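The values are calculated or read from the model by the stated rules, or taken from the named source; none is laboratory data. Note that the structure is predicted; figures quoted are calculated from it, not measured. Note that each Cβ is placed from the backbone with ideal geometry, even for glycine, and that neighbours are counted across all protein chains shown.
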Amino acid sequence: MDFAARRLAPKRAELTALLDQIAPGGCVVKRRRLPGGLGCRMDVLDIRRADGSRGKVTLRRFVREGHRFSTPGHVAHEFEILRLVERAAVPAPRPILLDSEGHYFGVPAIVMSYLPGRPLFPTTNLGNWTRGLADVLRQLHNVRPERFDLSLLHVQLRDGMRARIEQWRTEPLVDPLAVDMLSVLDSELHQIDFSGPTLVHDDFWSGNTVASRGRITGIIDWTTAEVGDPRTDVSQCRIDMVLSHGPEVADRFRDDYERLAGKRLEHLWYFDLYRGYHAWPQYEHWLEGYHDIGLVHLRPTEVGERLRAFLHRAVGEARTSQSTGSG
């Protein structure tokens with residue numbers, strides 16, 4: 001598969017072959033690339049069907065060569081996740097066609113229903129934004145093993161987190177903050193209660209949602225969805241909010257989620273550190289995706305300072321918990 005070439009727009013002959021399958025006799029009136037996505041090329045196809053009606057679909061091509069998410073097996077797995085999410089009535093794109101072997105475009109691809117809108121990163125009315133994200137995330141977390149068959153999903157709870165921490169311990173550490181975070185993660189995992197697993201998106205942030213007229217209409221990019229602790233999604237979104245807006249907004253999102261859940265999220269500092277440890281060495285790379293969706297004002301130095309302060313605070317919360325025995 002020529003992955004480098006496939007980062008470009010799909011060819012007309014390829015789209016014609018695809019339409020023969022999903023809209024026989026139809027044609028593509030307009031094609032538009034969607035921004036974002038570090039490992040995929042996303043295009044919206046505006047289709048005129050044979051009967052003259054119009055409709056849009058999203059074409060997702062997996063163009064990151066050698067990446068495990070670009071393998072036929074993983075792309076087929078993601079398609080099954082979309083089917084599960086559809087059955088659970090979580091707002092998300094509806095799966096239409098799977099091409100895991102790359103028959104149409106030379107790389108694995110999925111065709112999905114189109115969700116109108118774009119990721120929302122407001123500078124005003126932040127309360128509406130954080131409440132909307134908390135609300136759609138609560139809908140996702142209502143998908144529980146006792147209500148739905150989640151057996152196709154990887155399970156990432158205490159044992160999986162312990163394995164990840166052990167892997168991190170084998171890597172050289174030069175940053176004192178990373179040393180502190182890993183020490184807390186290693187020593188405090190035993191006290192975390194994992195008794196409420198749910199469906200977890202695993203990369204939940206505003207960039208993986210679609211909003212129209214200020215209202216979130218769906219969640220996208222289900223590549224790494226799994227069964228896990230819902231606090232991992234809350235903390236991942238908090239980390240991204242720290243990068244884009246700052247810790248005060250991240251705390252507002254936590255408060256909104258807790259109000260909707262009707263309970264406090266115990267030991268959230270642990271999950272902030274767990275997701276933050278992964279983000280700390282990579283946030284500059286993540287900024288490429290932020291810039292692609294229009295947040296070009298974000299600069300590595302400023303963002304790094306915000307993230308460092310947030311993670312230092314979480315380490316302090318951990319130490320307070322250790323000394324008082326509280327969550």
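Considering (1) over 21 Å from N208 (Cβ atoms); (2) not assigned by TED's automatic domain parsing to the domain that holds K56, the lone condition that N142 does not fulfil carries the number (1).
Quick check: is even one residue across the range 165-179 surrounded by 20 or more Cβ atoms within 10 Å (Cβ to Cβ) and more than 12 Å from the chain's Cα centre (by Cα)?
To start, the set of residues in the range 165-179 that are surrounded by 20 or more Cβ atoms within 10 Å (Cβ to Cβ) comprises none.
No: zero hits.
Restricting attention to the range 253-276, the residues being under 17 Å from R313 (Cα atoms), charged (D, E, K, R) and surrounded by 19 or more Cβ atoms within 10 Å (Cβ to Cβ) number 3. Listed by position, the strands (runs of 3 or more DSSP E) inside the range 54-164 whose residues that are touching a residue at least 12 places away in the same chain (Cβ under 8 Å) and under 18 Å from the mean Cα position of the chain (by Cα) number at least 2 are 54-62, 109-113.
If you go through the range 190-204 one residue at a time, how many are crowded, with 24+ Cβ neighbours inside 10 Å and part of a loop (DSSP other than H, G, I, E, B)? Residues meeting the conditions: 2. Taking the range 205-254 as the range and being over 19 Å from G294 (Cα atoms), among the polar types (S, T, N, Q) and not in a strand (DSSP E or B) as the test, the residues that pass are T223, T224, T232, S235, Q236.
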